[in-house]
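The values are calculated or read from the model by the stated rules, or taken from the named source; none is laboratory data. Note that the structure is predicted; figures quoted are calculated from it, not measured. Ideal geometry is used to build each Cβ from the backbone, glycine not excepted, and the neighbour counts take in all protein chains shown. SASA here: full protein model, heavy atoms, side chains in, ligands and nucleic acids out. Shrake-Rupley method; radii C 1.70, N 1.55, O 1.52, S 1.80 Å.
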Amino acid sequence: FSCNLSDLLHSFPGLLYQEYRDKSTREEIETRRLQDSQTDPEETSPSEETPSEAEPTSTIENKAPPQINLLRNSNSRFNLWQDLPEVQNSGVLSILQPDEIKLQEAMFELVTSEASYYKSLNLLVSHFMENERLKKILHQSEAHILFSNVLDVMAVSERFLLDLEQRVEENIVISDVCDIVYQHTVNHFSVYITYVSNQTYQERAYKQLLQDKPAFREVISQLELDPKCKGLSFSSFLILPFQRITRLKLLVQNILKKVEEKSDRESTALDAHKELETVVKACNEGVRKMSRTEQMISIQKKLEFKIKSVPIISHSRWLLKQGELQQMNGPKTSRTLRTKKLFREIYLFLFNDLLVICRQIPGDKYQVFDSAPRGLLRVEELEDQGQSLANVFILRLLENADDREASYMLKASSQSEMKRWMISLAPNRRTKFVSFTSRLVDCPQIQCVHPYVAQQPDELSLELADVLNILDKTDDGWIFGERLHDQERGWFPSSMGEEILNPKIRAQNLKECFRVHKSDDSQRRKLGSRNRQ
């Protein structure tokens with residue numbers, strides 16, 4: 001049985017990728033909520049799969065093929081593999097096992113979501129980039145920063161989609177898509193790194209153009225009002241490539257969770273996932289490198305050294321955290337003194353390999369009076385010391401700027417700020433809950449229900465439907481978490497998520513995570529044994 005995907009895609013309702021992505025992640029959240037509410041062991045078995053972007057919110061009988069009532073709603077714009085007339089008329093639904101049907105849906109979703117993404121990219125180019133009025137307003141260099149290599153990205157997406165289309169046309173039962181993902185990631189997806197690395201300059205240029213050129217602001221506003229854009233902003237089109245490359249990795253993860261273990265399809269999915277992860281990491285590093293370099297130059301200009309000067313700018317150094325703390329004056333026996341006399345302000349700049357301790361001086365400058373390598377820092381919390389010593393911890397420098405051991409008693413403004421400093425200063429210190437990498441059977445988990453953009457270097461940006469292990473939490477509403485799909489760690493407000501209460505769902509999430517990253521684990525073990533040698 002074959003199917004002409006181009007006819008199929010043209011017959012789909014016009015869904016832009018932003019709409020598709022938003023609605024699909026909300027579907028994922030609702031499905032997980034439903035699973036989490038099922039406390040009867042018979043209802044939720046550990047072998048159940050976490051749903052893909054287009055899976056149902058209703059439960060599925062084991063014997064029947066999955067039926068997605070929500071997506072059959074006339075208002076819905078989702079399309080499922082099993083709902084295609086070609087599939088329904090072929091009779092394959094009565095032959096295939098339910099697990100295989102789920103796998104077909106996951107692969108088909110990767111294909112249709114790429115079509116939706118290509119449609120949105122095409123609109124960015126044809127509607128915005130090639131608009132004659134906009135061309136006249138923008139200088140060539142401004143247009144280049146704003147749109148970067150989006151034409152290359154679109155060409156890569158088109159080539160990728162054509163290969164996926166050809167695969168679907170071969171047989172209505174899709175054999176695999178991850179081999180195509182692998183080939184394109186290795187050979188073509190480097191264009192994403194170029195585009196995403198330009199993001200810092202792109203955002204800055206866009207803000208500057210809105211501020212300095214009223215004509216630009218007016219044209220963009222008019223173009224955004226066009227029905228084609230469906231109420232979506234110009235900036236939502238600009239960030240499409242970064243969102244897509246990240247989402248593509250998650251779609252491959254979703255396929256990986258559904259393929260047979262130790263099969264050829266598992267091997268291909270693992271290979272594709274590994275290559276996509278490399279590209280995503282390079283994209284993230286590209287963005288960070290641009291902003292970090294500028295930040296380090298800015299900090300260097302503000303520092304004045306009372307001690308021997310330390311060169312701050314280095315390609316391998318970046319800022320982890322900065323901020324004001326209160327330092328306790330005098331020996332520890334002075335605790336009975338009044339709070340006002342007890343503490344004075346100091347300012348810390350913590351880099352990935354270095355701590356610099358300063359006092360703020362006039363002219364937005366900082367006078368450095370001590371420093372230490374980050375690896376030679378130790379922290380210790382003071383507990384039950386009364387109100388004046390609440391949120392106080394001891395910072396020990398095993399070897400400071402004078403090659404001596406030094407201790408500082410520091411007070412933070414809140415419990416969360418104290419914990420954030422302690423975890424940043426001594427990252428290997430044990431957290432309240434153990435990381436999933438310890439292979440713990442159970443650990444508190446949370447799923448993101450509101451997107452969050454990190455405000456500080458030690459915070460973690462969250463996307464809808466992200467699942468995280470909770471490593472620590474504070475009484476004033478902050479969580480230190482580790483995202484399952486990429487092991488990135490950071491702080492975020494607890495109001496951004498909902499805790500997953502069902503232990504079976506938490507166990508399933510961990511099991512899937514271990515499976516997805518098992519190739520990484522074997523690689524780590526190889527590196528570990530090599531390093532020991």
Between residue 399 and residue 30, what is the label-point separation in nm under the 7 Å Cα-to-beta-carbon projection?
5.9
Listed here are the pairs 262/289; 119/289; 136/302; 23/257; 262/473; which of them are more than 29 Å apart at the Cα?
262/289; 119/289; 136/302; 262/473
Just the accessible area for residue 488, please: 1.4 Å probe, Å², rounded to the nearest 10?
60
Report the gain in length on full extension from residue 169 to residue 501: 0.36 nm times residue separation, minus Cα-Cα distance, nm rounded to one decimal.
115.2 nm
Pulled fully out, how much extra length does the chain show between residue 126 and residue 217, if you take 0.36 nm times their separation in residues and subtract their Cα-Cα distance?
30.9 nm
What's the local net charge at residue 456, with K and R +1, D and E -1, over the other residues with C-beta under 9 Å away?
0
